[in-house]
Amino acid sequence: PPQPVYRPGFGSISSGGKVPLGLKRKGLRIVVTGGAGFVGSHLVDRLIARGDSVIVVDNFFTGNKDNVMHHFGNPRFELIRHDVVEPLLLEVDQIYHLACPASPVHYKYNPTNVVGTLNMLGLAKRVGARFLLTSTSEVYGDPLQHPQVETYWGNVNPIGVRSCYDEGKRTAETLAMDYHRGAGVEVRIARIFNTYGPRMCIDDGRVVSNFVAQALRKEPLTVYGDGKQTRSFQFVSDLVEGLMRLMEGEHVGPFNLGNPGEFTMLELAQVVQETIDPNAKIEFKPNTEDDPHKRKPDITKAKDLLGWEPKVALRKGLPMMVSDFRQRIFGDHKDSSS
Ligand code: NAD
Ligand code: UDP
Ligand code: UDP
């Protein structure tokens, strides 16, 4: 399969000359909420490249105009500063609902997951649009089943520090299914596992962005707890491909979208050392409350029904993220491999 190509300058990833998905349905009107964010902006690139008209709705809570600025002036692109917690009237064919404060540093401040999702479902119902929810592997909580299959109901603390995110997304899934069953809205649910890549927020506290920024700044890599907890890291272009296949396909889901390659945080630190600086130091810090011990997607369902699986291994994807971070932190174009 063609490898994604990182184009320095604005962090775009193209699918290496492959014919983009859904060409036959050129010219859809698509809303991407949270489209100025990390995942959303890569999705917008693919949709615009495919020939669709895209409206990004974003309040710039964690997103950034820089992520979509290269589309300014394109008549098929519109950017609306709007908080999805407030109602919104638009006429569209598809809604990719990504808006959400997605990192632990941010997500406690906002009822986006519940109220924002309700509004976008109301919009989908009114105009007959198809609605895709970007849910999360966090719905499995600290899982008692490994790897996690979509049929697993999860192990979530309803009153913990992470609850507004976990439970917020669980509620969002419930709302989506209720609108599907009750109002006939065509919904699609993705459960996204940890994703990394260019344009990721530099200082939002997620582990890959922390380690990469720390190694570049010659600071120690902060490993929380004993570093033996695991996560499975997916490169953003794989996720975007999965989201588009899910939206275009006939299955509601939920579908796990993630890379089954599982790493302990110590192993991740080692990969970052190999990629950026073999002399980078590791510093242990206390772990956060309710931190899931392990997480790895079972992606059999997405493979079987969407014909999707990730293509980019961590050691392939990380350098593409590193050159973007290097450029944003230091403002230069030096490639990590040079
Ligand atoms: P991100 O923070 O880069 O993007 C979220 C975007 O939503 C930002 O542009 C932000 O400004 C916007 N936003 C937040 N609240 C809003 C509101 N009330 N109204 C309008 N816009 C709002 O995060 P991301 O990593 O790109 O995540 C995108 C989606 O994918 C989120 O729904 C997240 O929960 C989900 N997800 C991401 C990951 C991951 O590892 N990146 C994992 C699981 C799920
Ligand atoms: N909504 C919206 N845009 C629309 C239609 C609805 O933002 O085009 C909001 C609406 O304000 C409401 C929510 O979506 O808060 C749910 O709408 P729905 O019609 O399902 O519920 P109702 O308004 O009947 O309670
Ligand atoms: N983590 C870490 N060092 C950091 C940031 C996070 O060791 O600087 C750990 C964190 O405790 C968790 C894992 O990395 O076990 C993944 O954290 P992240 O916030 O990126 O994702 P999530 O917990 O939502 O999967």
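Throughout, read-outs are computed from the coordinates displayed, never taken from laboratory work. Just so it is clear, the structure is predicted and the values come from calculations on it, not from any experiment. Virtual Cβ from ideal backbone geometry, glycine too; neighbours counted across all protein chains shown.
Values as computed for the structure displayed
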quantity: Student exercise, segment 113-245 dipole from Lys, Arg, Asp, Glu Cβ charges, in Debye to nearest 20; calculated: 300
quantity: Where labels lie 7 Å past Cα in the beta-carbon direction, separation of residue 300 and residue 287 in nm; calculated: 2.8
quantity: Over segment 217-315: Kirkwood hydrodynamic radius from C-alpha pairwise inverse distances, Å; calculated: 15.2
quantity: Using a Förster distance of 35 Å, the FRET efficiency for residue 115-residue 144 (Cβ separation, nearest 0.05); calculated: 0.70
quantity: Residue among 288, 246, 331 farthest towards the positive dipole end of segment 243-331, charges placed on Cβ; calculated: 331
quantity: Per-bin percent of Cα-Cα distances, segment 76-176 [10 Å]; calculated: 15, 43, 29, 12, 1
quantity: For the chain, alpha-carbon Rg over 2.2 N^0.38 Å; calculated: 0.94
quantity: Antiparallel bridge percentage (DSSP; both residues within the chain; nearest 5); calculated: 15
quantity: Proximal aspartates and glutamates to residue 311, defined as alpha-carbon separation beneath 14 angstrom and excluding residues fewer than eight positions away on the same chain; calculated: 238, 241
